[in-house]
1. Can you pull out the residues in the range 165-208 that are under 19 Å from MET100 (Cβ atoms) and surrounded by fewer than 13 Cβ atoms within 10 Å (Cβ to Cβ)?
2. For LEU87, which of the numbered conditions (1) within 24 Å of the chain's Cα centre (by Cα); (2) surrounded by fewer than 15 Cβ atoms within 10 Å (Cβ to Cβ) fails to hold?
3. Which of the residues spanning the range 37-96 are more than 23 Å from LEU127 (Cα to Cα), among the β-branched types (Val, Ile, Thr) and assigned to a helix (DSSP H, G or I)?
4. Among the residues of the range 10-36, how many are assigned to a loop (DSSP other than H, G, I, E, B), surrounded by 15 or more Cβ atoms within 10 Å (Cβ to Cβ) and within 16 Å of the ligand (Cβ to nearest atom)?
5. For the structure I just gave you, tell me whether ALA91 is touching a residue at least 60 places away in the same chain (Cβ under 8 Å) and over 27 Å from TYR38 (Cβ atoms).
6. For ARG102, state whether it is in contact with a helix residue (DSSP H, G or I) (Cβ under 6 Å, 6 or more places away or on another chain) and in contact (Cβ under 8 Å) with a residue 12 or more places away in the chain.
Amino acid sequence: MSLIRPPDIRLICFDLGGVVVRTCASPQEGCARAGVPYRPEIETPEVRARLEQAGAAYELGRCSTAEYFARAEAALDGRQPAAEVALVHDAWILGEYRGMDRLAGAIRAAGVETACLSNTNERHWELMSAQPLAYPAFAAMDTATPATCSAWPSLIPRSIVPSKSSVAYPPGESFFFDDRTENVAAARNAGWHAELIDPREDTTARPRRTAAPGLGL
Ligand SMILES: [Mg+2]
């Protein structure tokens, strides 16, 4: 029989980028993959701050995908057209980490619910949903519908994708994996079990060790 530890864990939540889904490591890589020119001169602190602001609004669902691309073009002082921003955006996600689908499947087979809790965005959600063969763990997660995280505003700032069922479990029965220290700290402060993931390594290793030992993976 499979064992899930710590005891009484009923939900295991995964961040997407850097945990389930591989992403580009830099704008330079994103531009190269998208086949658009990389313009290092536009990477100033001011531009980064404006892009961050535009991205946050988009992740929170406060603007459409097209509006986000237009806002990003404006943030870049018009030096990267919205059409190029869109190409880089689409090229940013690179498929899943190896073994994540097997891990998610084993967790679910053991009777523990899986869910995504992530600052992803509408366009990436659409791309992942449209390619279940490239994103099998994402496709197999119990959670399949993005929704603004109104239930947990203090848990993960700017979160978009909790599952409806996940909010039914007490924090102490939930485990969360994220590649950002501030999100892990926020989850722990809310009473969750939470562990930091290094996106440069095997991202399934820590979940296998800490949340789902005994699954034979
Ligand atoms: Mg992440």
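None of the figures in this text is laboratory data; all of them are computed from the coordinates on show. For clarity, every value in this text was computed on a predicted model and none was experimentally measured. Cβ atoms come from the backbone with ideal geometry, glycine included; neighbour counts cover every protein chain shown.
1. Selection gives ASP198, ARG200, GLU201.
2. Exception for LEU87: condition (2).
3. If the condition is that a residue be more than 23 Å from LEU127 (Cα to Cα), among the β-branched types (Val, Ile, Thr) and assigned to a helix (DSSP H, G or I), then ILE42, VAL47 are the ones that fit.
4. Adding up the residues that qualify gives 6.
5. In short, no.
6. Against the criterion (in contact with a helix residue (DSSP H, G or I) (Cβ under 6 Å, 6 or more places away or on another chain) and in contact (Cβ under 8 Å) with a residue 12 or more places away in the chain), ARG102 does not qualify.
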